[in-house]
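Below you'll find the structure, written out as structure tokens, and then a few comments.
The values are calculated or read from the model by the stated rules, or taken from the named source; none is laboratory data. Just so you know, these numbers come straight off a predicted model, no measurement behind them. Every residue, glycine among them, receives a Cβ derived from its backbone with ideal geometry; neighbour counts consider all protein chains shown. To get the accessible areas, we keep the full protein, side chains included, count just its heavy atoms, and leave off ligands, DNA and RNA. Shrake-Rupley method; radii C 1.70, N 1.55, O 1.52, S 1.80 Å.
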Amino acid sequence: MQTVKMVVTGPFSAGKTQFIQSVSEIEVVATEKPISSTAERSVKEATTVAMDFGRITVDDDLVLYLFGTPGQKRFDFMWEILSEGMLGFIVMVDSTRPETFREARSILETFRAYAPTPYVVAANKQDMKYAWEMEDMRHALRLDSKVKLLPCVATDRKTVKTVLLELLYSILDEMESGG
Amino acid sequence: MLRSIALGLLLINAGYITQDDILMNLQLYFTDIIRRLFTWVEGFFRFENEMLPPDDRINIRLDLENLIIEGSRQLREWERLQDEIPSLDMALKFTDRPGANIRNVNLSVEEWRVVSFINPKNSIHQIASATKLNDLDIRRIVYGLLQAGLVEIIRPEGGSSALPTRMFPVEDREEQKSLVNRLIGRIRSL
């Protein structure tokens with residue numbers, strides 16, 4: 001059996017666990033713990049502390065694993081371990097929480113430093129009332145026009161599929177351009 | 001062993017140092033220790049409310065409000081520098097903007113030393129080692145150069161830009177493409 005993996009990363013509460021849950025054929029193996037910090041608990045009750053783990057079986061011979069990273073910075077020692085051998089990565093950003101954009105940018109750069117693999121940025125929660133416009137997010141995240149910034153709703157399998165496909169197209173493009 | 005007041009008096013009487021020199025240096029020394037405490041993220045401490053310093057030690061009066069404000073500022077600066085430059089494994093290169101001439105920019109001696117090592121082959125970490133700068137100081141200088149638009153962060157040269165084969169369970173390029181196409185087909189069918 002051949003296996004490949006992709007990593008879903010992003011700031012705390014960006015929607016990484018939900019993203020994986022939307023497409024995984026197994027119940028996501030989540031390592032969530034109740035949040036101790038009052039400020040963070042006002043955003044959500046539990047957070048990933050080691051990783052989330054989802055699976056998509058391609059055929060009898062190939063399996064894709066999806067790994068979600070812990071969002072809180074104090075667990076960032078897990079990031080490098082999870083990035084080892086990844087095919088590419090997705091940076092999830094909560095479109096309604098601009099205060100997390102700088103951290104998202106920092107996470108993106110950290111993962112680029114770990115591995116020069118293709119990546120896409122998913123602007124999650126685009127269905128929410130206070131979601132930022134895509135172009136404004138591109139500007140705020142300081143993303144080059146070549147970087148794929150994709151609208152996403154992590155609970156909606158269709159948009160999650162689009163994000164995964166765009167990442168795979170980028171991987172294929174890079175291979176075909178001789179990368 | 002000489003206590004600090006006795007030692008200070010000896011040095012002043014011998015003409016090596018003035019009282020102001022001693023007080024100023026001790027103030028810097030204590031301030032530095034307290035600022036380092038601000039960087040603690042966890043640990044235990046105990047405050048001895050009734051305990052006074054021994055009479056034979058030199059006591060320094062510190063303005064606590066300024067100390068706390070400055071300590072907080074430095075802590076925020078450190079966090080911001082870590083956010084902006086999360087990895088010292090990256091390299092630097094001069095921006096390709098025409099008109100940006102580094103000779104016309106006022107740089108400190110330390111900044112010039114860093115600039116002299118800027119090369120896509122040198123990681124920021126290697127530059128810090130060569131210039132004997134600690135993590136905070138190298139980040140501060142690199143951040144300044146980035147803000148001035150003189151340099152940009154890139155992956156160090158040397159590592160091939162080719163996709164590492166360990167990403168794939170197969171080594172043949174055509175098989176790798178076939179694998180990605182199979183993944184695409186599967187995701188589309190979800």
Practice prompt. Kindly provide log₁₀ I(q)/I(0) values, in the same order as q = 0.23, 0.25 Å⁻¹, from the Debye equation applied to equal alpha-carbon scatterers of region A:117-170.
Written response: -0.90, -1.02
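What whole-number value in cubic angstrom gives the convex hull volume per residue for the C-alpha atoms of the protein assembly as shown?
Measuring per residue, one finds 209 Å³ for the Cα hull of the protein assembly as shown.
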Fill in: Gaussian network model of chain B, Cα within-10 Å springs - most flexible of B:GLN82, B:GLN19, B:GLN147
B:GLN19
Worksheet entry | Net charge dipole size for the protein assembly as shown [Lys, Arg +1 and Asp, Glu -1 on Cβ; Debye, nearest 20] | 440
Discussion item. With loop defined by DSSP as not H, G, I, E or B, and exposure as at most 12 other Cβ atoms within 10 Å, which is the longest segment of chain B clear of exposed chymotrypsin sites (Phe, Trp or Tyr not before Pro)?
Written reply: B:48-190
Worksheet item: If you put +1 on each Lys and Arg Cβ and -1 on each Asp and Glu Cβ, how big is the dipole of chain B around its Cα centre, in Debye rounded to 20?
Response: 900
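At 10 °C and 1.306 mPa s, grab the translational diffusion coefficient of chain B from Stokes-Einstein with a Kirkwood Rh over Cα pairs, rounded to a whole number in µm² per second.
Working: Rh = 22.3 Å.
This corresponds to a translational diffusion coefficient of 71 µm²/s.
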Worksheet entry | GluC sites (Glu not before Pro) within region B:43-148: DSSP coil, no more than 16 neighbouring Cβ in 10 Å | B:GLU48, B:GLU50
Worksheet, complete the sentence: Carbon/sulfur accessible area of the protein assembly as shown, % of total, 1.4 Å probe, equals 52
Discussion item. Could you tell me the calculated FRET efficiency between B:ALA6 and B:GLU70, based on Cβ-Cβ distance and R0 = 30 angstrom, to the nearest 0.05?
Written reply: 0.40
Worksheet entry | FRET efficiency, 1/(1 + (r/R0)^6) with R0 56 Å, evaluated for A:ASP136 and B:THR18 via beta carbons | 0.40
Practice prompt. Give me the distance in nm between label points sitting 7 Å out from Cα along the Cα-to-Cβ direction at A:THR3 and A:LYS129, one decimal.
Written response: 4.4
Practice prompt. Please work out how much accessible surface A:VAL7 shows to a 1.4 Å probe, ignoring ligands, DNA and RNA, in Å² rounded to 10.
Written response: 0
Worksheet item: So which of A:LYS16/B:LYS121; A:LYS5/B:LYS93; A:LYS148/B:LYS177; A:LYS5/A:LYS148 end up more than 30 Å apart by C-alpha?
Response: A:LYS16/B:LYS121; A:LYS5/B:LYS93
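Please tell me the relative contact order of chain B in percent, rounded to the nearest whole number, where contacts are Cα pairs under 8 Å and at least six residues apart.
20
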Worksheet item: Does anyone have the angle between helix B:4-13 and the longest principal axis of chain B? Alpha-carbon axes, 0 to 90°, nearest 10?
Response: 70
Practice prompt. With 5 Å bins from zero, work out the P(r) of region A:62-140 over every alpha carbon pair and list the percent per bin.
Written response: 3, 13, 25, 23, 17, 12, 5, 1, 0
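Go ahead and estimate [θ] at 222 nm for the protein assembly as shown from helices alone: -39,500 (n - 2.57) per DSSP H run with n ≥ 4, summed, over the residue count, rounded to 500. Let's see the in-between values first.
Working: 13 runs with 157 residues, N = 369.
About -13000 deg cm²/dmol.
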Item to complete: Compute the accessible area of each residue in region A:112-134 twice, once for its chain alone and once with every protein chain present, using a 1.4 Å probe on heavy atoms, and list those whose area falls by at least 30 Å².
Response: A:ARG112, A:ALA113, A:PRO116
Worksheet item: Interface B/A, total buried accessible area with a 1.4 Å probe, nearest 100 Å²?
Response: 3300
Worksheet, complete the sentence: Ignoring ligands and nucleic acids, B:ARG35 exposes an accessible area, probe 1.4 Å, in Å² to the nearest 10, of 70
